[in-house]
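Asks: Mind looking over this structure? Questions follow.
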């Protein structure tokens, strides 16, 4: 197993004058209420996890849950109060300012909710700007920026100014600008939340297309569970600074670890999230003629399965039968997990 790109061990971020002392005195058992009574706010409480190369970890939670604070600790825009953070094996908290700036410039890309585009520069100039800061020649930086313009679908608008673009187009410039430096690690903090639903869906699709092509290691922050389910390889759900559960979308929907997570998942249309593999049985008896792939999303094949009288064979990528699924299982998955609204 290769070394994780991001590794957090018992990370705490506590705001307040005596945060460090209180954390030491607590021996790692941080009670947010007690800390608050003593003038401290707990932003991140004992977060430990790893992110592998090419993985997209979506961190979600309601406003004030600590998700943005966690991201700021990992990019060291804010210093953690305790714990260890490793980026590709380097201890982030021990880096001096010069090494930290190098790491940010060469390894990390960041996209925030506010696009922070330079109003007096055109699209292509905005995208080239971080390259020029790195010392890339103007000609080369413009050439690279034009490649990024094409990548995010803004051909023909490279000489527009930000004010001449829609919100979705401005967001694409922000994404292109952060990609121009070819970061290995990409941090996105609610990048689509200011967009209207239709553009937001387009941007999510675009983002998945980019990720398939570029295979970045990504931490993506959102408060929108549907967005998390659509984008994530794994999801971390936060509440009051604590990671309540970190798992695949399917496991979070099927096996919520806490009551808080269950509340998040109870309205989720399971058939849009779960794969056939997630609900199939190993039995291979009494199979009909229909076969479905283990990697199909249930919603896409539910209708076909429900017309069958016998169990349906489930096959792997080599067309080998590895299990079965009964029509009754589909009915139970789709309707059994919902709250009864009658």
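Read-outs throughout are calculated quantities, based only on the coordinates presented, and are distinct from any laboratory measurement. Worth saying up front: this structure is predicted, and the values here are computed from it rather than measured. Every residue, glycine among them, receives a Cβ derived from its backbone with ideal geometry; neighbour counts consider all protein chains shown.
Asks: Just from its helices, what would the mean residue ellipticity at 222 nm be for the chain, if runs of 4 or more DSSP H residues each count -39500 (n - 2.57) and the sum is divided by every residue, rounded to the nearest 500 deg cm²/dmol?
Replies: That calculation yields -11500 deg cm²/dmol at 222 nm.
Asks: Would you mind computing, in nm to one decimal, how far apart the modelled labels at residue 166 and residue 226 are, each placed 7 Å from Cα along Cα→Cβ?
Replies: In this crude spin-label approximation the distance works out to 1.8 nm.
Asks: By how many nm would the segment from residue 157 to residue 258 grow when fully extended, if each residue of separation counts as 0.36 nm and the alpha-carbon distance is taken off?
Replies: 31.6 nm
Asks: Pick from 311, 180, 250: which is most flexible by mean-square fluctuation in a GNM of the chain where alpha carbon atoms under 10 Å apart are linked?
Replies: Result for the chain, Cα springs under 10 Å: 311 fluctuates most.
Asks: Please find, in a Gaussian network model of the chain (springs between Cα atoms separated by less than 10 Å), the residue of 215, 171, 94 whose mean-square fluctuation is greatest.
Replies: Result for the chain, Cα springs under 10 Å: 94 fluctuates most.
Asks: Under the 0.36 nm per residue contour assumption, what length would be gained going from the current alpha-carbon distance of residue 102 and residue 321 to full extension?
Replies: Value of the extension gain: 73.8 nm.
Asks: Calculate, for residue 121 and residue 193, the FRET efficiency according to 1/(1 + (r/R0)^6) with r their C-beta to C-beta distance and R0 30 Å; round to the nearest 0.05.
Replies: So, using R0 = 30 Å, E works out to roughly 0.75.
Asks: Who wins for biggest fluctuation among 198, 100, 151 in a Gaussian network model of the chain, springs between alpha carbons below 10 Å?
Replies: Result: 198 has the largest fluctuation of those listed.
Asks: While we're on this one: At residue 286 and residue 250, where each label point lies 7 Å from the Cα along Cα→Cβ, what is the point-to-point distance in nanometres?
Replies: 2.4
Asks: Right, another one. Could you work out how far apart the two model spin labels at residue 202 and residue 296 are, taking each label as a point 7 Å from the Cα in the direction of the beta carbon, and quote it in nm?
Replies: About 3.2 nm, to one decimal.
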